[in-house]
Structure formats: structure tokens, C-alpha cells
1. Within segment 40-62, is there a residue that is surrounded by 10 or more Cβ atoms within 10 Å (Cβ to Cβ), in a loop (DSSP other than H, G, I, E, B) and modelled with pLDDT of 65 or more?
2. Being over 23 Å from Pro45 (Cα atoms) and open to solvent by 80 Å² or more (accessible area, probe 1.4 Å) is the filter here, so list the residues in segment 15-34 that pass it.
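The values are calculated or read from the model by the stated rules, or taken from the named source; none is laboratory data. Not measured: the values here are computed from a predicted model. When we count neighbours, we look across all protein chains shown, and the Cβ atoms used for this are built from the backbone with ideal geometry, even at glycine. Ligands, DNA and RNA are excluded from the accessible area calculation, which covers all protein heavy atoms including side chains. Shrake-Rupley method; radii C 1.70, N 1.55, O 1.52, S 1.80 Å.
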Amino acid sequence: MLQRNITGYALTVQPPDGSHRDPFDLAPDEEIDYPDPIAGCAAIPPGPDPEPEPDPKPAAKPAAKTSKPAATADGGDPA
């Protein structure tokens, strides 16, 4: 369970009796994935994995200008 220390103070977490885990300190606003609820911490609901940022797009190339030969009114040769 992902939890965050919301007290504004450092906490010393004492694992439950019979646990093989050692006590540890938890800094203010620090997040930890810990199986037991910790007093002074709020559970952080699981959310979707953040998507990686897309690669920056290259600058748009200006449209190439194409010149077309002028057409004559009667569709004949412009020369």
C-alpha cells in the first residue's frame, strides 16, 4: 500500500510485534510502499502508470512552393 507522511514531521515507524522488519524514519511528505497502515500517513490510491513524455516534434518545414506554368484561356500552348 503506497502511503505518504502527512504530519509535516519526521516519523519513526515501528513495525508490528513479531515482524522481521526494522524500525525506520519517514520524512515529511515522503512516500513509501509499506504493507501495514502507518499512523500519520495517508494512503495514495493507485493510478494509471504515467505515460512517458512524447519526443519533441521537429519544427515544421515550410511548404515548398511549386510554380506551375501559366495556362492559356483556350488551353493551348502558353508560348
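1. Yes; the residues of segment 40-62 include at least one that is surrounded by 10 or more Cβ atoms within 10 Å (Cβ to Cβ), in a loop (DSSP other than H, G, I, E, B) and modelled with pLDDT of 65 or more.
2. Asp17, His20, Arg21, Asp22
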